[in-house]
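Take a look at the structure below.
Just so it is clear, none of the values below were taken in a lab; they were calculated from the coordinates. Computed from a predicted structure; not experimentally measured. No Cβ is skipped: glycine too gets one built from the backbone with ideal geometry, and neighbour counts run over all protein chains shown.
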Amino acid sequence: MSTDIHRGLAGVVVDTTAISTVISETNSLTYGGYPVQDLAASRTWEEVAYLLWHGDLPDAGQLADFRAAERAQRGLDRAGAELLARLPATCHPMDVLRTAVSYLGAQDPTEDDADPAANYAKSLSLFAKLPTVVALDVRRRRGLDPLQPDPALSYAENFFHLCFGAVPPADVVRAFEITMILYAEHSFNASTFTARVITSTLSDLYSAVTGAIGALKGPLHGGANEAVMDMLAEIDDPARAEQWLDRALAEKRRIMGFGHRVYKNGDSRVPIMQAALDQLVSAHGDARIRRTADLYGRLQRAMLARKGIHPNLDYPSALAYHLMGFDTPAFTPIFVMSRITGWTAHVTEQLHANVLIRPLGAYTGPRQRPVPAGA
Ligand code: CMC
């Protein structure tokens, strides 16, 4: 048996997938073969979600049905809302989301875990309900009562309505949709792999999503978008950016929002998100936002100069969410609202040709030894 060890599974190909890939020659991420930057430039979030689940973009009738199904399932029942309202306000919003998915799983009596049609129905239901859950928690942390979903609004418009009781200008809604499209899927990343591991034991979709939320929470993965904003708040003064970075690097700190396991010459999703952010700052940025954007640019240039490391998607997304008015702890839950599509597409793909995922470890503990006599 081979004793090669691939720590962190770096460079290891564990299975095939038809959902997405990164084409290294063009440095572009594709969903079902379509470059994500082209999808972000011309398609709605609902169309891209449909693509990830169905392998192709919807025609007009399919899109209308999909939208209607999503709008019809946004509500969270009263018991669920009361359960979430009782969670301590000190817990992280990702804990609330994880609990919500667990609750929804417990409420679903079906035992058709291997049926693709049933899993699609569960995926769509979670997709529709997660914004309601995230917004409920955003509002309770601000001491506000929850609002009801509005079926006359698109997915993105409804989320703003649920959080703030108002829908912002169209360019802000569109920038939010772009973050959703870019965050939706990224092959065998840590949280998706977690979902596939759980699915490979023939567990259920809710368990896979609950586990994936736990994996995404960490700052080396989805938690980085929150950590970016905390870091920008910590540095605060644009004039301090370089000095702060030098010190942080000397202390061997990880600079949040930079670096990527797959992309070593720049994250393919960053240019389109950066363009959306630039547009937001110029159209809607007040003096405070422009100051933060200045700090953001200085830190990015210094990181490239010092370490040759480029930003990942979490870097521009964080400032975009901040500018849109979301509180920093809501950033990673918003990432979940998007990535639920990729996770659940992978659950179905894993089940289609399932094999138990069960790697080995190279043992380094004590040699076999006799158990001493008890006292
Ligand atoms: N800050 C400082 N140094 C870094 C960073 C960073 N953000 N990223 C990589 N490096 C250095 C690292 O110290 C190492 O240097 P050396 O060889 O001198 O020890 C070298 O680059 C390689 O790092 P690595 O940890 O072996 O690379 P990796 O592929 O395992 O790491 C990563 C990928 C994402 C964990 C890492 O880049 C990181 O910690 N980034 C900060 C957290 C972050 O932004 N995460 C979001 C990832 S992308 C979107 C998502 O999944 O949500």
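Observations
- Each principal axis of the Cα cloud of region 328-367 was evaluated for its coordinate range; sorted largest first, these ranges are 48, 34, 7 Å.
- Cα-based radius of gyration of region 23-158 once divided by 2.2 N^0.38 Å, which approximates compact folds: 1.20
- Label point 7 Å beyond Cα of residue 294 along Cβ direction - residues of region 214-255 with amide nitrogen under 16 Å: 233, 235-243
- Partners for residue 307 among lysines (Cα-Cα distance below 28 Å; same-chain residues under 8 apart left out): 217, 252, 264
- Net charge dipole, the chain: roughly 1460 debye, given to the nearest 20, about the Cα centre with Cβ charges of +1 for Lys and Arg and -1 for Asp and Glu.
- Positive-end ranking of 250, 326, 316 along the dipole of the chain, with charges on Cβ about the Cα centre, is headed by 250.
- Using a cutoff of 8 angstrom between alpha carbon atoms and counting only pairs six or more residues apart, the relative contact order for region 266-375 works out to 29 percent.
- With R₀ fixed at 45 Å, the C-beta to C-beta distance from residue 362 to residue 110 puts the FRET efficiency at about 0.65.
- For region 16-78 versus region 195-220, the gap between their alpha-carbon centres in whole angstrom: 21 Å
- Region 38-131: GluC sites (Glu not before Pro) in DSSP loop, at most 14 other beta carbons within 10 Å: 111
- Value of Rg/Rh across the chain [Cα atoms, Kirkwood radius]: 0.98
- Farthest towards the positive end of the charge dipole of region 224-324, among the residues 227, 293, 265, is the Cα of 265, using unit charges on the Cβ of Lys, Arg, Asp and Glu.
- Here region 307-346 and region 97-159 have alpha carbon centers that stand 18 Å from each other.
- Here the relative contact order of the chain, from alpha carbon pairs under 8 Å that lie six or more residues apart, stands at 22 percent.
- Based on DSSP H segments of at least four residues, each scored -39500 (n - 2.57), the chain has a per-residue ellipticity at 222 nm of -18500 deg cm²/dmol.
- Simple spin-label estimate for residue 60 and residue 141 gives 4.2 nm between the two label positions (7 Å along the Cα-to-Cβ direction from each Cα).
- Between residue 77 and residue 371, the FRET efficiency estimated from the beta carbon spacing at R0 = 51 angstrom works out to 0.45.
- Length gained on full extension, residue 201 to residue 12, computed as 0.36 nm times the residue gap minus the Cα-Cα distance: 66.0 nm.
- Among 163, 91, the order by Cβ neighbours within 10 angstrom, fewest to most, reads 91, 163.
- Computed magnitude of the charge dipole of region 224-324 (debye, nearest 20; Cβ of K, R +1, Cβ of D, E -1): 400 debye
- Gyration tensor (alpha-carbon) shape descriptor, region 288-329, a/c threshold 1.5: oblate
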